[in-house]
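The values are calculated or read from the model by the stated rules, or taken from the named source; none is laboratory data. Small disclaimer: the values here were computed from a predicted structure and weren't measured. Here the Cβ positions follow ideal geometry from the backbone for every residue, glycine too, while neighbour counts run over all protein chains shown. With ligands, DNA and RNA removed, areas are computed over all heavy atoms of the protein, side chains included. Shrake-Rupley method; radii C 1.70, N 1.55, O 1.52, S 1.80 Å.
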Amino acid sequence: QVQLVESGGGLVQAGGSLRLSCTASGSIFSRDVMGWYRQAPGKQRDLVATLSSGGSTSYADSVKGRFTISRDDAKNTVYLQMNSLKSEDTAIYYCNSFGPLKWPWGQGTQVTVSS
C-alpha cells in the first residue's frame with residue numbers, strides 16, 4: 001500500500017516562501033504524473049500544479065509564476081516551492097497522482113499565510 005506523507009507547511013507572512021515535500025513509500029513518481037492539491041476551509045480540493053515523468057509542468061492560474069513543482073525520483077519525493085505567498089494560499093496541501101486513479105490521500109500539510 002502506497003503511503004504519501006506531506007510536510008513543510010507552516011505559518012508565514014504574506015510575501016514569504018515555503019517549500020513543501022511529499023514522500024511516497026514506494027517508487028511511484030517515476031511513472032506517474034504527480035500533482036499538488038490544496039483545500040481551503042469550506043472549499044473543495046483544487047489542483048495546484050502537476051509534473052509529468054518527462055518533466056512537463058502545469059500550474060493553476062492563481063499560482064503561476066509563484067509556485068514551482070519538482071521531483072527527486074531517487075528520494076521518491078515531490079516538492080512544491082511556494083514564493084510570494086498570499087493570504088488566499090492558506091489551505092491544507094496534498095500530493096497525489098494526477099490521473100483518475102488516486103493513491104490513498106495523506107494527511108496533508110497546513111499552510112497559513114498571515115496578511
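Residue count for segment 74-115, restricted to those that are open to solvent by less than 20 Å² (accessible area, probe 1.4 Å), of a type in the set (Gly, Ala, Ser) and farther than 12 Å from Arg38 by Cβ: 2. Candidates Ser70, Ser21, Ser25: the one that is at pLDDT below 95 and small (Gly, Ala, Ser) is Ser25.
For segment 52-62, a residue qualifies if it is farther than 20 Å from Ile92 by Cβ, at pLDDT 95 or above and surrounded by 12 or more Cβ atoms within 10 Å (Cβ to Cβ), and the qualifying residues are Thr57, Ser58. Exactly one residue out of Gly65, Gly42, Gly15, Gly26 is of a type outside the set (Lys, Arg) and more than 21 Å from Ser115 (Cα to Cα): that is Gly26. Per this entry, Val33 is counted among residues that are surrounded by 14 or more Cβ atoms within 10 Å (Cβ to Cβ), farther than 23 Å from Ser115 by Cβ and not small (Gly, Ala, Ser). Among the candidates Gly35, Gly15, the residue that is closer than 20 Å to Thr68 by Cβ, in contact with a strand residue (DSSP E or B) (Cβ under 7 Å, 6 or more places away or on another chain) and touching a residue at least 60 places away in the same chain (Cβ under 8 Å) is uniquely Gly35.
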